[in-house]
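> Here it is, the structure, as structure tokens.
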Amino acid sequence: LQLTIIRAPSELFVRFALGVIFVLAGLFLFLLGAQLGLIPVGEYVGSHLPARVRPWTMLVVVFLMGYVFTLAEPDVRVLAGSVDEVTGGAVPGNLFLLLISLGLALALAGGVLRQLVRVRLALVFGLGYGVSLMMLPFVAPQYVALAFDSGSTTTGSLSVPLILALGVGVARVTGESSIEAGFGLVGIASLGPVVLLSIMGLFV
């Protein structure tokens with residue numbers, strides 16, 4: 001494309017090529033770190049914590065892990081910066097980042113609680129998206145867009161390995177299908193910011 005259609009200045013194209021190399025190297029190191037450290041820790045916490053502490057203590061630990069990991073999620077930080085710039089500061093990026101992190105952390109703890117008490121996954125999704133859809137007519141369009149975009153950004157390269165590992169770990173204790181537990185927990189976690197930001201849109 002560079003040789004036939006785009007024909008960008010050579011200096012710009014060289015910067016692009018270097019950027020691609022650095023991104024690939026960074027992603028390789030990041031995924032290697034997740035495989036070596038994040039995923040084993042998530043599985044260990046999910047499979048050992050229920051037997052060692054009371055359920056509410058485990059939910060607090062899961063909540064804190066989800067909150068901290070979402071704060072560090074690159075996709076969420078990019079979205080928060082863009083929201084701050086596009087809205088001209090009407091929606092501060094730091095507040096947006098905190099709300100997304102809080103929504104995911106609450107939903108993640110709720111998803112683990114669902115696994116422990118054996119609530120049907122379809123019921124959780126039905127209620128969650130049902131509440132969100134009922135609020136849509138009363139929420140400004142820009143907040144609807146922010147809410148649903150925030151749900152997709154939370155399922156990024158940092159949070160998903162941890163959430164999947166937690167779900168699989170808890171599934172070993174409860175006897176639940178590990179596939180349903182892992183991917184179901186990712187879906188529930190991404191639903192949290194959607195609901196929370198939709199609620200925020202009702203009062204802004």
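> Can you give the FRET efficiency to the nearest 0.05 for Tyr129 and Ala17, using r as the Cβ-Cβ distance and R₀ = 45 Å?
Details: r = 43 Å, r/R0 = 0.95.
Rounded to the nearest 0.05, the efficiency is 0.60.
> How far, in nm, would the chain grow between Val60 and Thr155 when pulled straight, counting 0.36 nm per residue and subtracting the alpha carbon separation?
Numbers: separation 95, 0.36 × 95 = 34.20 nm, distance 2.07 nm.
Result for the pair: 32.1 nm of gain on full extension.
> If each of Phe203 and Leu98 carries a label point 7 Å out from its Cα toward its Cβ, how far apart are those two points in nm?
According to this spin-label approximation, the distance is 1.3 nm.
> Now, a different point. So, in Å, what gap is there between the alpha-carbon centers of the stretch 171-188 and the stretch 63-90?
Here the answer is 26 Å between Cα centres.
> Hey, another quick one. For the chain, what is the accessible area per residue in Å², given a 1.4 Å probe and the full set of protein chains?
Averaged over the residues of the chain, the accessible area is 55 Å².
> I've got another one for you. Quick check: at a probe of 1.4 Å, how many percent of the accessible area of the chain sits on carbon and sulfur atoms?
Of all accessible area on the chain, carbon and sulfur atoms account for 73 percent.
> Quick check of the Kirkwood formula: for the stretch 84-123, what is the inverse mean of 1/r over all pairs of different Cα atoms, in Å? Walk me through the numbers on the way to the answer.
Details: mean 1/r = 0.0833 Å⁻¹.
Its Kirkwood hydrodynamic radius stands at 12.0 Å.
> At q = 0.15 Å⁻¹, work out log10 I(q)/I(0) for the stretch 106-195 with the Debye formula, treating every Cα as an identical point scatterer and leaving solvent out; two decimals please.
The calculated log intensity ratios at q = 0.15 Å⁻¹ are -0.56.
> Given N residues in the stretch 1-127, what is its alpha carbon radius of gyration divided by 2.2 N^0.38 Å?
Normalised Cα radius of gyration, the stretch 1-127: 1.49.
> For Ser190, what is the net charge nearby, where nearby means another residue's Cβ is under 14 Å from its Cβ and Lys, Arg count +1, Asp, Glu -1?
Combined, the nearby Lys, Arg, Asp and Glu give -3.
> Taking the mean number of other Cβ atoms within 10 Å as a proxy for protection, how do you rank 161-167, 114-120, 147-153 from highest to lowest?
Ranking the peptides 161-167, 114-120, 147-153 by packing returns 161-167, 147-153, 114-120.
> Here's something else I'd like to know. How do 1-9, 189-197, 33-41 rank on mean C-beta neighbours within 10 Å, highest first? Don't skip to the end; give the middle numbers.
Details: 1-9: 8.7, 189-197: 25.4, 33-41: 14.1.
With the highest mean Cβ count within 10 Å placed first, the list reads 189-197, 33-41, 1-9.
> As an exercise, use a Förster radius of 22 Å and the Cβ-Cβ distance of Leu113 and Tyr44 to find the FRET efficiency, rounded to the nearest 0.05.
0.70
> Moving to a separate point now. Largest first, please: the extent of the C-alpha atoms of the stretch 63-152 along each principal axis, to the nearest Å.
Extents along the principal axes, in whole Å: 44, 33, 15.
> Here is a follow-up. For a label point 7 Å from the Cα of Ala122 along Cα→C-beta, name the residues of the stretch 167-184 whose backbone N is under 17 Å from it.
177, 180-181, 184, by backbone N distance to the label point.
The values are calculated or read from the model by the stated rules, or taken from the named source; none is laboratory data. These numbers come from a predicted model, not from an experiment. Every residue, glycine among them, receives a Cβ derived from its backbone with ideal geometry; neighbour counts consider all protein chains shown. Accessible surface is based on the protein model in full, side chains and every heavy atom, while ligands, DNA and RNA are left aside. Shrake-Rupley method; radii C 1.70, N 1.55, O 1.52, S 1.80 Å.
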